[in-house]
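What follows is a short report on a single structure.
The values are calculated or read from the model by the stated rules, or taken from the named source; none is laboratory data. The shown structure was predicted, so the numbers you read here are calculated from the model rather than taken from an experiment. Positions of Cβ are generated from backbone atoms using ideal geometry, with glycine treated the same way; all protein chains shown enter the neighbour counts. To get the accessible areas, we keep the full protein, side chains included, count just its heavy atoms, and leave off ligands, DNA and RNA. Shrake-Rupley method; radii C 1.70, N 1.55, O 1.52, S 1.80 Å.
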2 protein chains.
Amino acid sequence: MKDLPLSKVYQLLEPGPVVLLTTAHKGRANVMTLSWHMMMEFEPPLVACVVSNANYSFAALRATKECVIAVPALELAPKVVAVGNCSGRDVEKFQRIGLTPTPADRVAPPLVAECFANLECKVVDTRLVNRYSLFILEVLKAWTDPTRKFPKTIHHHGYGSFAVDGEMIKLKSRMP
Amino acid sequence: MKDLPLSKVYQLLEPGPVVLLTTAHKGRANVMTLSWHMMMEFEPPLVACVVSNANYSFAALRATKECVIAVPALELAPKVVAVGNCSGRDVEKFQRIGLTPTPADRVAPPLVAECFANLECKVVDTRLVNRYSLFILEVLKAWTDPTRKFPKTIHHHGYGSFAVDGEMIKLKSRMP
């Protein structure tokens, strides 16, 4: 894994891929799936996400204020769905599903070795947590796998239907 | 255009497509491009979005508390980029770019006739507008074009690079 400049983080999340979110709490790491996220600021990168209080990760995220957002490519889709189909209340997901937790640099939650990008995050605003379960994160450090140039990500349409990235098109935009 | 049950709105936005956002203020309709949006609740559907105060639409959205989110498919990509490359300060975008504003049912901002889905929204929470330009919207009414089953959407990777929806895959997920 190689450092990604923080100014480029938005290019990973803005397209709306399904991601994994890891936490670490009371000596246990856990991982969940997440599609309800968005960019809020370019640099330092701010990311909003909704982690329902029905998720086991909610308490860990609220208490520790740290997480990692890991971006899986298409070949991980079966494991991504498996992560979403069980709860850290009941199982050690990393071991059960076959994902490799790897130490992060700035936060306690682990990176996911199989993901082509990992974003180490701290919670910077909790004002909307009680009302909407909405957390605002700052990305402290970003990693990408330099051997993978254009990994295809997956986009959830509900009930296990995913659109896979297809062709890339390029138009003359003035927007970053 | 046909009514879409509000419970299905998340299936449109969760995958992260580039969308258009229309406003109406002081007798003028305007339209901007938007990728920084996410679902926050299934039903009634809540959507968060960041509309920078550098955007001409910001003042209209804050003042009128109404907008329409319209979802364009691939064939509109050149017009979507054209919308992002100019400002409502300077031009009448609908006319200049060739998009057709159509009256909405519950809000003043227009639908975009060329888009395969249109969501009529009101702003329901402005607590994070000053700090982050983050608006929370409730979708009041949703429309889809019943003749278009699986339109391909576009996902922005920065500077006019877009991933187009490719194949759909289906996995056994317990998640909605």
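Using Cα pairs closer than 8 Å and at least 6 residues apart in sequence, work out the relative contact order for chain B, in percent.
Working: 363 pairs, mean separation 45.9, N = 176.
Contact order relative to length: 26 percent.
A simple spin-label model places the labels of B:Ala54 and A:Tyr159 4.2 nm from each other, with each point 7 Å out along Cα-to-Cβ.
Report the net charge of residues surrounding A:Tyr159, where surrounding means a beta-carbon distance below 10 angstrom and charges are Lys +1, Arg +1, Asp -1, Glu -1. Net charge in that neighbourhood comes out at +3. Values of log10 I(q)/I(0) for chain A across q = 0.14, 0.15 Å⁻¹ run -0.70, -0.82, by the Debye formula with one identical scatterer at each alpha carbon and no solvent. In 10 Å bins starting at zero, report the fraction of Cα pairs in the protein assembly as shown per bin as a rounded %. Going out from 0 Å in 10 Å bins, the protein assembly as shown shows 5, 27, 36, 23, 8, 1 percent. For the rotation carrying B onto A, the chain B residue whose Cβ lies nearest the axis, with the distance in whole Å, reads B:Gly16, 1. Here the protein assembly as shown has 51 percent of its accessible surface on carbon and sulfur atoms, given a 1.4 Å probe and all protein chains in place.
The A and B chains share an interface that buries close to 5200 Å² of accessible area, total over both sides, probe 1.4 Å.
Placing unit charges on the Cβ atoms of the charged side chains and taking the dipole of chain B about its Cα centre, the candidate lying farthest along the positive direction among B:Val31, B:Ala60, B:Val112 is B:Ala60. Be a star and scan segment A:94-133 for residues whose amide nitrogen sits under 16 Å from the point 7 Å along the Cα-to-Cβ vector of A:Glu75. Within reach of a label on A:Glu75, which here means backbone N under 16 Å from a point 7 Å along Cα→Cβ, segment A:94-133 contributes A:98-100, A:113-117.
Between copies, the label points at B:Met168 (set 7 angstrom from Cα along Cα-to-Cβ) are spaced 2.6 nm, reported in nanometres from shortest to longest. At a 1.4 Å probe, which residues in segment A:33-50 are at least 50 Å² less accessible with all protein chains present than in their chain isolated? Residues of segment A:33-50 that lose at least 50 Å² of accessible area once the other chains are added: A:Trp36, A:Met38, A:Met40.
May I ask you to give the solvent-accessible area per residue for segment A:19-176, in square angstrom, as obtained with a 1.4 angstrom probe?
42 Å²
In plain terms, the chain from B:Lys26 to B:Ala63 could stretch by 12.3 nm, reckoned as 0.36 nm per residue minus the Cα-Cα distance.
Normalise the Debye intensity by I(0) for segment B:63-128, one equal point scatterer per Cα, no solvent, then take log10 at q = 0.18, 0.21 Å⁻¹ and round to two decimals. Once normalised to I(0) and log-transformed, intensities are -0.75, -0.96. Rg/Rh for segment A:57-98 (Cα atoms only, Rh after Kirkwood) is 1.00. Between B:Asn85 and A:Asp90, the simple spin-label model (points 7 angstrom out along Cα→Cβ) gives 5.3 nm. Across the copies of the chain, A:Glu92 has label points (7 Å from Cα along Cα→Cβ) spaced 6.8 nm apart, shortest distance listed first.
Remark: the Cα gyration tensor places segment A:11-62 in the prolate category, a/c being 1.5 or greater and a/b exceeding b/c. Rolling a 1.4 Å probe over the protein heavy atoms leaves B:Phe42 with an accessible area of roughly 70 Å².
Buried on complex formation within segment B:81-127 (loss of at least 50 square angstrom of accessible surface versus the isolated chain, 1.4 Å probe, ligands and nucleic acids ignored): B:Asn85, B:Arg127.
Sorted shortest first, the separations between the A:Ala54 label point and its copies elsewhere in the assembly read 3.9 nm; each point sits 7 Å from Cα along the Cα-to-Cβ line.
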